[in-house]
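Engineer: Sending over a structure as structure tokens; questions will come in a sec.
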Amino acid sequence: MEFRDLKTQYRKIKKDVDQAITNVMSRAAFISGDEVRELEKKLAEYVGVKHCITCANGTDALTMPLMMWGYTEKTDAIFIPDFTFFATGEVIPFIGATPVFVDVEIDTYNMDPNKLEEAIESVIKKGKLTPRAIIYVDLFGQPGDFDEIKKIADKYQLKIIEDGAQGFGGSYKGQRACSLGDISTTSFFPAKPLGCYGDGGAIFTDDDNYNDILRSIAVHGKGTFKYDNVRIGWNSRLDTIQAAVLLEKLKIFKEYELTNVNLVAQKYTESLSKYVVCPVVKKGFYSSWAQYTIRLKSKNERDELQKYLKTKNIPTNVYYPKPMHTQEAFLGIDEYQDCTISKLLSETVLSLPIHPYMQDDEIKEVADAIKDFLTS
Ligand SMILES: *Cc1c(COP(=O)(O)O)cnc(C)c1O
């Protein structure tokens, strides 16, 4: 059994993908080929924003807006969830700012808006840092409650980055993920909901000015042309070959992958909800199911279950085994709350195999093994 089955997917689209790659090869337009522009147009359309700027990966996609806004001082506070992939936090000290870790919700695992406001108030009260921005992560595929987040952002005049690396394809009150922040970002790392065959990423925005600046940053701070350099940028582009792959993958993502993966999640929940805490998708929300993550009673039960599933050749992962604020790399950054939920989740969650090509007998195999373990 595969944790995320990219081989079956490739077999389905092999003819078209191989042809698309060959087309790029024969034109030798490896950087900034036509496919890149076409993909940006299609992605912006799908998400429902004016601009899509593709780039080298999801980490760069988070970094460039922070560079654009100039949040490069230690006194610039950026609020992020304590329970997420490391990159969300890493980009902040990387450009010189300070991350403030906020606790998450017990049911959706997403950043808790109430805790966010508490964290902002606490930073203001201490008076050392200036609140600047929120990076809100659509964890495991489900967007956050962006109406709530926007209220808070407006109240304290903060920018919002939606980190949609896991959220592409999800939606909130009819609006697609990756359209919910002032800036939204995603990753095309192969195992993400929409993945390419290497690294890739994208930034989304409705703002014309942001679009211009981000495109400049991504190509060495270019001005009117490549050898006119008006700001310090760097080099972050999506390869034409990856764009060609993504154009093919986007078709099936829209046609059936997103629907299928939601069916798999539904079947998991139907067979498991009596035995473990299943992921909750709230009313008005739609998940892209980057992960299907259950919660067990204790760390011991989680660890033993994972071992047991391994003996049955069922692959699982712990996303994430450490709360962000406890990572050694953030040593010395003392801006965090008492992240009780984040700590509890790191000890009790387990992500199960999930992908659009999962068969009913595989779902049953996983569910039965979990039931066997918990009832024996
Ligand atoms: C994967 C991921 C990223 C980073 O994306 P890369 O393309 O691997 O750089 C950032 N944030 C979250 C939440 C992710 O899951």
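Engineer: Which ones in segment 208-258 are of a type in the set (S, T, N, Q) and under 21 Å from the mean Cα position of the chain (by Cα)?
Structural biologist: Within segment 208-258, Asn211, Ser236, Gln242 qualify.
Engineer: Moving to a separate point now. Quick check on my filter: what residues within segment 184-225 are of a type in the set (Ser, Thr, Tyr), in contact with a strand residue (DSSP E or B) (Cβ under 8 Å, 6 or more places away or on another chain) and away from the ligand (no atom under 16 Å from the Cβ)?
Structural biologist: Hits for segment 184-225 are Thr205, Tyr210, Ser216.
Engineer: Turning to a different aspect of this structure: What is the number of the single condition among (1) in a loop (DSSP other than H, G, I, E, B); (2) closer than 23 Å to Pro131 by Cβ; (3) away from the ligand (no atom under 16 Å from the Cβ) that Gly181 does not meet?
Structural biologist: Going through the list (1) in a loop (DSSP other than H, G, I, E, B); (2) closer than 23 Å to Pro131 by Cβ; (3) away from the ligand (no atom under 16 Å from the Cβ), Gly181 breaks only (3).
Engineer: Next question, about the same structure. Cβ-Cβ under 8 Å, sequence separation 6+ or interchain: first residue in segment 152-180 and at positive phi, partner assigned to a loop (DSSP other than H, G, I, E, B) and within 16 Å of the ligand (Cβ to nearest atom). Which pairs?
Structural biologist: These pairs meet every condition: Gly169/Ala177; Gly169/Pro193; Gly169/Leu194; Gly169/Ser288; Cys178/Gly164; Cys178/Gly167; Cys178/Phe168.
Engineer: Quick check on this structure: which one of Thr185, Thr205 is under 14 Å from the mean Cα position of the chain (by Cα) and of a type in the set (Val, Ile, Thr)?
Structural biologist: Exactly one residue qualifies, and that residue is Thr185.
Engineer: Scan (1) over 18 Å from Thr84 (Cα atoms); (2) assigned to a helix (DSSP H, G or I) for the single condition Ser342 breaks and write down its number.
Structural biologist: The number of the failed condition is (1).
Engineer: If I filter segment 321-344 down to residues being aliphatic (A, V, I, L, M) and surrounded by 14 or more Cβ atoms within 10 Å (Cβ to Cβ), which single residue comes out as modelled with the lowest pLDDT?
Structural biologist: Ile333
Engineer: (1) away from the ligand (no atom under 16 Å from the Cβ); (2) over 17 Å from the mean Cα position of the chain (by Cα); (3) within 19 Å of Gly167 (Cβ to Cβ); (4) not polar (S, T, N, Q): which one isn't true of Val47, the others all being true?
Structural biologist: So the condition that Val47 fails would be (2).
Engineer: Which one is modelled with the lowest pLDDT among residues in segment 184-239 that are of a type in the set (Asp, Glu) and in a loop (DSSP other than H, G, I, E, B)?
Structural biologist: It comes out as Asp228.
Engineer: When you look at Ala29, is it more than 16 Å from the ligand (Cβ to nearest atom) and in contact with a Cys (Cβ under 6 Å, 6 or more places away or on another chain), yes or no?
Structural biologist: Taking the combined requirement at face value, the residue does not satisfy it.
Engineer: Let me spell it out: the conditions are (1) crowded, with 18+ Cβ neighbours inside 10 Å; (2) farther than 20 Å from Ser184 by Cβ, and Asp16 meets all of them except one. Which number is the exception?
Structural biologist: (1)
Engineer: Pick from Leu296, Leu258: which is among the aliphatic types (A, V, I, L, M), farther than 21 Å from Arg4 by Cβ and at pLDDT 95 or above?
Structural biologist: Of Leu296, Leu258, the one residue that is among the aliphatic types (A, V, I, L, M), farther than 21 Å from Arg4 by Cβ and at pLDDT 95 or above is Leu296.
Engineer: Every residue in segment 50-71 that is assigned to a helix (DSSP H, G or I) and either under 19 Å from the mean Cα position of the chain (by Cα) or of a type in the set (Lys, Arg) (or both), please.
Structural biologist: Passing the criteria: Gly58, Thr59, Asp60, Ala61, Leu62, Thr63, Met64, Pro65, Leu66.
Engineer: Within segment 72-88, is there a residue that is in a helix (DSSP H, G or I), within 16 Å of the ligand (Cβ to nearest atom) and in contact (Cβ under 8 Å) with a residue 40 or more places away in the chain?
Structural biologist: For segment 72-88, residues in a helix (DSSP H, G or I), within 16 Å of the ligand (Cβ to nearest atom) and in contact (Cβ under 8 Å) with a residue 40 or more places away in the chain: present.
The values are calculated or read from the model by the stated rules, or taken from the named source; none is laboratory data. On a predicted model such as this, the values are computed, not experimentally measured, just so you know. Every residue, glycine as well, gets a Cβ built from its backbone with ideal geometry; the counts of neighbours run over all protein chains shown.
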